[in-house]
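Since the structure comes first, as structure tokens, the remarks are kept for the end.
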Amino acid sequence: MEGKRKINLDNLITVPSPHLYAKPSAQWVMLQVILALLFPLASGWYFFGFRVLIMVAVGITSSVLAEVSYQRVKKRKVTVNDLSAVVTGMLIALSLPSTAPLWTIIVGSLFAILIVKQLPGGIGRNVFNPAVAARVMLKAFFSPWITNWVLPGPDLISTATPLEYIGHFSRTVPEEVPGLLDLFLGTNLGGPVGETSKIMILIGMVYLIARKIISPKLPLLYLFSLAAVATLYGDFSFEYMMTHVLSGTAIFAAVYMVTDYSSQPLTPDGKIVYACAAGILTGIIRILFDFPGGVGFSILIMNACGPLIDRHLAPRIYGHKQRIKNNKTAREKTMLK
């Protein structure tokens, strides 16, 4: 009979039950998004100067004050500490050109916080992405003030965006469009301050993936779907396809907007459909029209379709042969897992 092995009980660590895994708080998640946004913020500051910092400060301040004021007036718990309003303010500011008047940032922030986020009940209850909705609203009603694209530098030389050259049924890339390297790095490129340097946006994406804040699946599915539409329509031209992917707000939105927790579907299959459909819609809208706005409209359309997608793509419960469709209570329980 083998001798009994002596166990040193001094090395054992005991803790009381229950042994539960606590998910990261909303504040911690939003803090990681803020840190990731510092990369495109830094590139915007580098290309367009100190005014970019003022724009972001105005966006954050107006968003935070709007949320605090609304919740105090409605006698609700003030939740500004979750930092979601800070993220919204940063996204709105970075989505506008350096020439945008500061009051347009304030208007966009008020619309995003009060109308899109707080009226439905606050974070987690909004159907639409607040920053995307504010961006689309500003383009619809304040275009003369927020679509004055200028090249980086002290001279403020007006320029057209690449999307204006490759939209409206165009199948080729004119010479006026910057090269792929310029589009990737953000050099000699006008447009929203936070969306110029794609490499800085991708660094932010890698950070969010490494911190397990987002999955690479949604951004990649969105961009691949957009690329597929551009490839098919552009007669399999690599330059035409990559110009669509690197132009406008596609990569910025793929990283910071398509991945928004509150406005995406809840079901695993629904997330895939959501990202792919948003990318396809972006490509179609860009090809049909010559205005820079396909990304925002496509995301809002898919935000609205989110509940319908979840209804039909709720996962099959173990032991059942079909997905949940008509059993509302069971479907809600499944979505909460």
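Bear in mind these aren't lab numbers, they're just calculated from the coordinates by the rules spelled out. Small disclaimer: the values here were computed from a predicted structure and weren't measured. Heads up, the Cβs are rebuilt from the backbone with ideal geometry, glycines too, and the neighbour counts pull from every protein chain shown.
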Order by protection proxy (mean Cβ within 10 Å, highest first), peptides 130-141, 232-243, 180-191:
130-141, 180-191, 232-243
When a footprinting reagent is the concern and you count Cβ atoms within 10 Å, what order do Phe169, Phe48 take, fewest first?
Phe169, Phe48
Where does each of 274-285, 81-92 land if you order them by average Cβ count within 10 Å, highest first?
81-92, 274-285
Within a 10 angstrom radius of the beta carbon, how do Val273, Val245, Val68, Val78 rank from fewest other beta carbons to most?
Val78, Val68, Val273, Val245
